[in-house]
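Data block below; observations after.
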Ligand SMILES: [Zn+2]
């Protein structure tokens, strides 16, 4: 139960009740379509007349369509209701330090179109390019009703100013993305940290999400991000910066991090860490032993990953070292939060058969919460960051409302 916040509350009106019921009906259609009005009344416990009124409104707002007549054992044949998937579109933007993807999705987060381009170092140039692409995307599909834009960022967004404030892996400083994108498209824009977006993607579209009320998403890329969902709510903290476990000290006096601290978790468990482990071992073997070939310093994470997939010993060791440190941080999260699930997102999950057992072992030997937390990877092909941006927009219509 939540304490009523007397500085920020909302009294219940008849509109509140209508809004709650409308959301319940919309969710029942989402998970049971095609469904008749009679079944909606049965599932929800609402009066038939109330269901009919809500459906009338949802059809007028283009969220729902009526389809074919169903069969009934007797009496009038019911009309089946569907979500209006093709007519409603959500735009998702996944910004990463190297590249950005813009995509158009339907109500089930199926992507209809997408394009990827290099992320410019200059924020102004980037925004100009992005708005041009967004306008084009919308212009070629005028039949779609666009509901909004969700943006996933490799940093944190200030809750009050909506500016990007903490993005150690991006060269931009204090950027306002929301205003120019809203002005260019006329659509509402929701900004979110990538790890939070992934946590939302899991809750809204993931295969293990049903019945999970406490979930931690750990994104492993250039850095490490965590998104926390506790008691079904995304945790933002007082500043919007909650979840920066990647920048908590794992090793006292350790290697310097781009954030300015030393020994941060992400310095030891991110993609960049694996590249460093690999080049360190390559350097050692060059100076110490014979048999090392070529110059390894130019390798990037994709190369190390590919080599590890081919069972290259040094690459496998580098990935295993990443996994040990990933496990150490996850053990900390599990001990502290006791979540139902930890989901790991990132290219490194392609090697889950190698890293999964290491993470499990490390967690098993360290975590003390007693929680039976499931740890599982997401399939990179589901594009979790991008799917999260769609959830950002859809949760405004499908999510549970906050009242009182
Ligand atoms: Zn750091």
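Being assigned to a strand (DSSP E or B) and modelled with pLDDT of 80 or more is the filter here; which residues of the range 63-81 pass it? Give the derivation first.
Restricting attention to the range 63-81, the residues satisfying the condition of being assigned to a strand (DSSP E or B) are 64-69, 79-81.
64, 65, 66, 67, 79, 80, 81, listed by residue number.
Which numbered condition trips up residue 46, out of (1) part of a loop (DSSP other than H, G, I, E, B); (2) over 25 Å from residue 402 (Cβ atoms)?
(2)
Please go through the range 342-383 and pick out each residue that is over 18 Å from residue 203 (Cβ atoms), surrounded by fewer than 16 Cβ atoms within 10 Å (Cβ to Cβ) and in contact (Cβ under 8 Å) with a residue 60 or more places away in the chain.
Within the range 342-383, 347 is the sole residue that qualifies.
For residue 400, which of the numbered conditions (1) exposed (fewer than 13 other Cβ atoms within 10 Å of the Cβ); (2) out of contact with any helix residue (DSSP H, G or I) (no Cβ under 8 Å at 6 or more places or on another chain); (3) under 30 Å from residue 15 (Cβ atoms) fails to hold?
Of the numbered conditions (1) exposed (fewer than 13 other Cβ atoms within 10 Å of the Cβ); (2) out of contact with any helix residue (DSSP H, G or I) (no Cβ under 8 Å at 6 or more places or on another chain); (3) under 30 Å from residue 15 (Cβ atoms), the odd one out for residue 400 is (2).
List the number of the failed condition for residue 162; all other conditions in (1) within 20 Å of the chain's Cα centre (by Cα); (2) modelled with pLDDT under 90; (3) surrounded by fewer than 16 Cβ atoms within 10 Å (Cβ to Cβ) hold.
(3)
Can you name every residue in the range 3-17 that is in contact (Cβ under 8 Å) with a residue 40 or more places away in the chain and in a loop (DSSP other than H, G, I, E, B)?
Step one: list which residues in the range 3-17 are in contact (Cβ under 8 Å) with a residue 40 or more places away in the chain, which gives 4, 9-12, 16.
Within the range 3-17, 4, 9, 10, 11, 12 qualify.
Which is modelled with pLDDT under 90 and over 29 Å from the mean Cα position of the chain (by Cα), of 38, 12?
12
The values are calculated or read from the model by the stated rules, or taken from the named source; none is laboratory data. Given the structure is predicted, the values throughout are model-derived calculations rather than measurements. No Cβ is skipped: glycine too gets one built from the backbone with ideal geometry, and neighbour counts run over all protein chains shown.
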